[in-house]
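Read through the structure below, which is laid out as structure tokens, and then see the notes.
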Amino acid sequence: MSERPVIPLQPRIPVPYEDVDSLEIPAVIPLNDEQRGYVIEVLSAMIRVMDGSSSLEEEEKIVFGAGRFYWPKNPDEPIRLSKSYIDGNFRMPGLAARVSRESESAPWTRFGLSVRPRNFPRGVYSMQLPSSFFRDFQLQKVVQEEREFQSITHPVVFYFKHKRLGDILLKVEAREDVVSTRDSFPSSFYALQLLRESKGNK
């Protein structure tokens, strides 16, 4: 694994409508080139960790900052199976991530990311992600799901499989007014999950 330079802390990236009441923020909020580029940078770092071309420790130096381990049961037991990243870890507000694994000696196998404006779920970002970002993934299906008790009740969900590493799956969730079930890739999302299947689950 080649060494990547440690990039000094970069300035914060503001998001649209930061200084207005959340009720005045529109339902669909476009991102500019810098904001879109940063979301892609974070997503790319996630994929590098999952495909083994980089480590979580390297990406923390470059993109994420030091995350916090999360203990789902007894906080007195140092079971370091998941790690969370919140607003303070990212240059752009509204991002949150969590990575998890089956044991402390195992590779990271699940990575989730959400990117949401302050007025979510009434508001979502229109990111205009390029199709080239998904070039390493093969679309398996696109469905509109019904989730009666969730904040977005009818999300459009894209399911992908990595073309070269078939055990890496990608699920992307977006609202129906920024994507369509007819799309070949999601140009926007509010939640995303990468999953590396274990051999026993295939």
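For the chain, the fraction of 1.4 Å probe accessible surface lying on carbon and sulfur atoms is 49 percent.
Applying the criteria of a DSSP loop state and at most 16 other Cβ atoms within 10 Å to the trypsin sites (Lys or Arg not before Pro) of the range 149-189 yields 163, 164, 182. Here the chain is assigned +1 on the Cβ of each Lys and Arg and -1 on the Cβ of each Asp and Glu. Its dipole about the Cα centre then comes out at about 620 debye.
Dividing the Cα radius of gyration of the range 102-197 by its Kirkwood radius returns 0.99 for Rg/Rh.
In the chain, a dipole from Cβ-located charges (positive for Lys and Arg, negative for Asp and Glu) runs towards its positive end, and of 65, 11, 106 it is 106 whose Cα lies farthest in that direction.
Rg/Rh for the chain (Cα atoms only, Rh after Kirkwood) is 0.95.
Relative contact order of the range 118-202: 29 percent, from C-alpha pairs under 8 Å at least 6 residues apart in sequence.
Where does the chain land at 222 nm, in deg cm²/dmol rounded to the nearest 500, when only DSSP H runs of n ≥ 4 count, each adding -39500 (n - 2.57), divided by all residues? Per the formula, -3500 deg cm²/dmol.
Computed over the chain with a Gaussian network model linking Cα atoms closer than 10 Å, the most mobile of 48, 110, 98 is 48. Surface listing: 143, 115 arranged by accessible area from highest to lowest gives 143, 115, probe 1.4 Å. Looking at the chain, the accessible area is 56 square angstrom per residue; that uses a 1.4 Å probe and ignores ligands, DNA and RNA.
Remark: for residue pairs 61/163; 61/83; 141/163; 61/161, the C-alpha separation exceeds 26 Å in 61/163; 61/161.
Test of understanding: in a Gaussian network model of the chain with alpha carbons linked when under 10 Å, which of 136, 167, 19 would top the mean-square fluctuation ranking? Fluctuation is largest for 19. For the range 99-202, the list of chymotrypsin sites (Phe, Trp or Tyr not before Pro) that fall in a loop by DSSP and count at most 10 other C-beta atoms within 10 angstrom reads 149.
Result for the chain in a Gaussian network model with C-alpha springs under 10 Å: among 16, 155, 117, the largest mean-square fluctuation is at 16.
The values are calculated or read from the model by the stated rules, or taken from the named source; none is laboratory data. Everything numeric here is computed off the predicted structure, so don't read it as measured data. Backbone-built Cβ (ideal geometry, glycine too); neighbour counts: all protein chains shown. Heavy atoms of the whole protein, side chains included, go into the accessibility calculation; ligands, DNA and RNA do not. Shrake-Rupley method; radii C 1.70, N 1.55, O 1.52, S 1.80 Å.
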